[in-house]
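What follows is calculated from the coordinates using simple rules that are stated; it is not laboratory data. As the structure is a computational prediction, the values presented were derived from the model and not from experiment. Quick reminder, even Gly has a Cβ in these numbers, built from the backbone with ideal geometry, and neighbours come from all protein chains shown.
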Amino acid sequence: MMADGTDMPQIVLTDRAASRIATILAKEAEGAMLRIAVLGGGCSGFQYDFQITDKAEGDDLVLEKAGATVLIDKISQEYMPGAVIDYAEELIGAAFKIDNPLATANCGCGTSFSI
């Protein structure tokens with residue numbers, strides 16, 4: 001629930017991101033998952049943190065698709081309602097991209113944002 005009492009918009013994992021995450025996790029120990037968290041810091045005030053883990057917490061949002069499992073903790077979910085987690089390969093490099101409707105500004109690094 002959001003502060004106004006409405007349901008939080010769903011966080012979406014694209015097929016491209018799921019495929020790339022599954023490829024990464026296949027090289028890890030069985031049961032490995034990708035944890036995405038929002039931390040204070042970065043060039044714009046908040047930053048996304050990506051870590052491989054084998055432990056889910058009770059309040060984690062669990063996104064499963066195409067062999068990939070992504071965990072997002074409850075507090076981080078509040079900073080990214082309606083976000084779309086994608087993976088893009090461009091000339092300058094490949095990276096996970098999070099399209100966050102709450103972000104009012106993004107940094108060129110792609111992992112930092114402000115709200």
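At-a-glance table
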item	result
Rough spin-label spacing in nm, given labels placed 7 Å along Cα→Cβ, for ASP49 and VAL62	2.2
Under-5 Å amide H pairs with MET8, H placed in peptide plane, nonlocal only	MET2
Contour excess over end-to-end distance, with Cα ends at GLU89 and ARG16 and 0.36 nm allotted per residue	25.3 nm
The stretch 12-104, relative contact order in percent, only Cα pairs under 8 angstrom and at least six apart counted	31
Rg/Rh (Cα only; Kirkwood hydrodynamic radius) as it applies to the stretch 12-104	0.95
